[in-house]
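Please read the structure below before turning to the comments.
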Amino acid sequence: MTRIRFPDGFEWGTATAAYQIEGAAYEDGRGLSIWDVFCKQPGRVQNGDHGDVACDHYHRMPDDVALMKSLGIQSYRFSISWPRVLPFGTPQHRRVQQPINERGIDFYSRLVDALLAAGITPCPTLYHWDLPQALQDRGGWAFRDTAAHFADYAGLMYARLGDRVERWITHNEPWVVVTYGHRVGTMAPGIAEADVAARATHHILLSHGLAVERYRAEGQGGAIGITNSNSSYEPAEADGSCDGAVELARDFDTRLYTGAVLGRGYPDSVLRHYEARGVAFPIEDGDMATIAAPTDFVGVNLYSRTRVRPADSGLGFTVAPPTLPLTPMGYERAPHALGDFVRFLSAEYERPKIYITENGVCDNTEPVDGEIDDVDRESLLRGFLEGLHRAIEDGADVRGYYLWSLLDNFEWSFGYSKRFGIVHTDYDTLQRTPKRSAGFYRDVIANNGFD
């Protein structure tokens, strides 16, 4: 095989999210999040699982940083638990004397310091789905004030960590937050209403823009961006009959979120879809300019492809049945999808700076004699990286790659039934055991590529 080598300076990282790994849900002044509440509702999460303990990263953080260092990880994308630092969601809350939880901020400050001491670049995500329940009780993302509260929260974290953090992500996957949390209702907060979904879409993107404006106003000298959930859309038939469906799917996914952030506005097809249902996006003067506040990079989260064909109702397209083998998560084994999507994004938006902020494989291989031989994960990771390398050779400006995930963890509505980690978590003992894929990734990082 020809040796694959990534550009000089390409950054290799791994990613996690607060609710999925931290645990300590009721310790040190942390407030309730919408996921704490959602998980305790019967039937919402597989096996009744929840994140009360998760991987106990809150208490085991120094060991987890040492583990990353042993693997050669260069950058770590983690998320800040909004209710851990602001239990009521906003520093303007007056029902308590000290709304800012200093113990929560201290945890993230110690994490940043530990990463820097280990030679690992910190990359915090401000919102990875754990909205403070106190804000949900006031309307959540359907309520315009939540966007302003998010900007205040962002400003607090810039002030406390900005002297050491030079790369920030505002939101993780607003498409998922809206679609599954507010349109379908299978994720927190469990709402299934089209009008709420439209308002949530707009206010989440508005909050991103407000947070970017706050970042610039406070003279932060680093970089800030947003990351979205993406799929590489493909026509179910090769005769051209599905090409329009592909473009519609891209409208409701990439163009609605990434496009709006990059100054293209909301796609007409999406606005017409909601208007036909008597729903309008709550756009006020200046909102779209705020949403398009200049960002420094676009984050891409991608795991597979989606085949689509036209439909006479609903969104105007529908997902076609898979034709490739599936991972335990139900995703098609389609490693070409990452490179294909990066090419599309690069062409669509005039070659923006890109970070792959999540990409990985669900592989539930269990330990045998202390070894986890997750060959399927390694095989698919090779394919993803080969495709990404080809996209870079074709001109895409990709600066780094964050593998999802460092640890097996709480996989939202699937509970602990799905394992994405390159490090195995024993949920009874909380012992960490690096898998075969961890060794593969360590070697990729050391060589900036692979054979």
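The values are calculated or read from the model by the stated rules, or taken from the named source; none is laboratory data. All values derive from a computational prediction rather than experimental measurement. FYI the Cβ positions are ideal-geometry reconstructions off the backbone, even for glycines, and counts take in every protein chain you see.
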When you check residue 78 against the structure, is it part of a strand (DSSP E or B), in contact with a strand residue (DSSP E or B) (Cβ under 7 Å, 6 or more places away or on another chain) and not acidic (Asp, Glu), yes or no?
yes
Picked from the stretch 423-439 (must be of a type outside the set (Asp, Glu) and part of a loop (DSSP other than H, G, I, E, B)), the residue farthest from the chain's Cα centre (by Cα) is 429
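Residues are listed down the side, and each one gets a yes or a no for (1) touching a residue at least 12 places away in the same chain (Cβ under 8 Å); (2) closer than 16 Å to residue 433 by Cα; (3) among the polar types (S, T, N, Q):
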site: 353; (1), (2), (3): yes, no, no
site: 357; (1), (2), (3): yes, no, yes
site: 365; (1), (2), (3): yes, yes, yes
site: 370; (1), (2), (3): yes, yes, no
site: 376; (1), (2), (3): yes, no, no
site: 394; (1), (2), (3): yes, no, no
site: 409; (1), (2), (3): yes, yes, yes
site: 419; (1), (2), (3): yes, yes, no
Going through the stretch 320-340 in order, the residues found to be part of a strand (DSSP E or B) and surrounded by fewer than 16 Cβ atoms within 10 Å (Cβ to Cβ) are 326
From the option list 233, 274, 266, single residue qualifying as over 23 Å from residue 384 (Cα atoms) and crowded, with 20+ Cβ neighbours inside 10 Å is 266
Screening 244, 221, 240 for residues that are on the phi > 0 side of the Ramachandran plot and either touching a strand residue (DSSP E or B) at 6+ places or on another chain (Cβ under 8 Å) or surrounded by fewer than 24 Cβ atoms within 10 Å (Cβ to Cβ) (or both) leaves only 240
Assess whether residue 20 counts as being closer than 25 Å to residue 418 by Cβ, over 19 Å from the mean Cα position of the chain (by Cα) and at pLDDT 95 or above. no
Residue hits (the stretch 273-299; under 19 Å from the mean Cα position of the chain (by Cα) and of a type outside the set (A, V, I, L, M, F, W, C)) are 295, 296, 299
Residue hits (the stretch 341-362; more than 14 Å from the chain's Cα centre (by Cα), part of a loop (DSSP other than H, G, I, E, B) and within 30 Å of residue 417 (Cβ to Cβ)) are 361, 362
Inside the stretch 186-222, the number of residues satisfying the requirement of being free of Cβ contacts under 8 Å to residues at least 24 places away in the same chain, over 16 Å from residue 277 (Cβ atoms) and either outside any helix (DSSP H, G or I) or touching a Ser or Thr at 6+ places or on another chain (Cβ under 9 Å) (or both) is 1
The one condition residue 429 fails out of (1) without any contact (Cβ under 8 Å) to a residue 40 or more places away in the chain; (2) closer than 16 Å to residue 16 by Cβ is (2)
Just one listed residue, out of 349, 416, is closer than 22 Å to residue 259 by Cα and at pLDDT 95 or above, and it is 349
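Considering only residues that are surrounded by 17 or more Cβ atoms within 10 Å (Cβ to Cβ) and in a helix (DSSP H, G or I), which ones fall in the stretch 363-381?
Within the stretch 363-381, 376, 377, 378, 380, 381 qualify.
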Flagged in the stretch 300-319 as buried (at least 17 other Cβ atoms within 10 Å of the Cβ), more than 17 Å from the chain's Cα centre (by Cα) and of a type in the set (Gly, Ala, Ser), in numbering order, are 316
- Task: Determine if the stretch 382-394 includes at least one residue that is within 18 Å of residue 4 (Cα to Cα), modelled with pLDDT of 95 or more and part of a loop (DSSP other than H, G, I, E, B).
- Result: yes
Within the stretch 1-22, restricting to residues that are assigned to a loop (DSSP other than H, G, I, E, B) and touching a Gly at 6+ places or on another chain (Cβ under 7 Å), the one that is nearest to residue 299 (Cα to Cα) is 10
Selection over the stretch 127-170 where residues are in contact (Cβ under 8 Å) with a residue 24 or more places away in the chain, acidic (Asp, Glu) and assigned to a loop (DSSP other than H, G, I, E, B) yields a count of 2
Scanning the stretch 181-199 residue by residue, those crowded, with 21+ Cβ neighbours inside 10 Å and under 22 Å from residue 255 (Cα atoms) turn out to be 181, 182, 196, 197, 198, 199
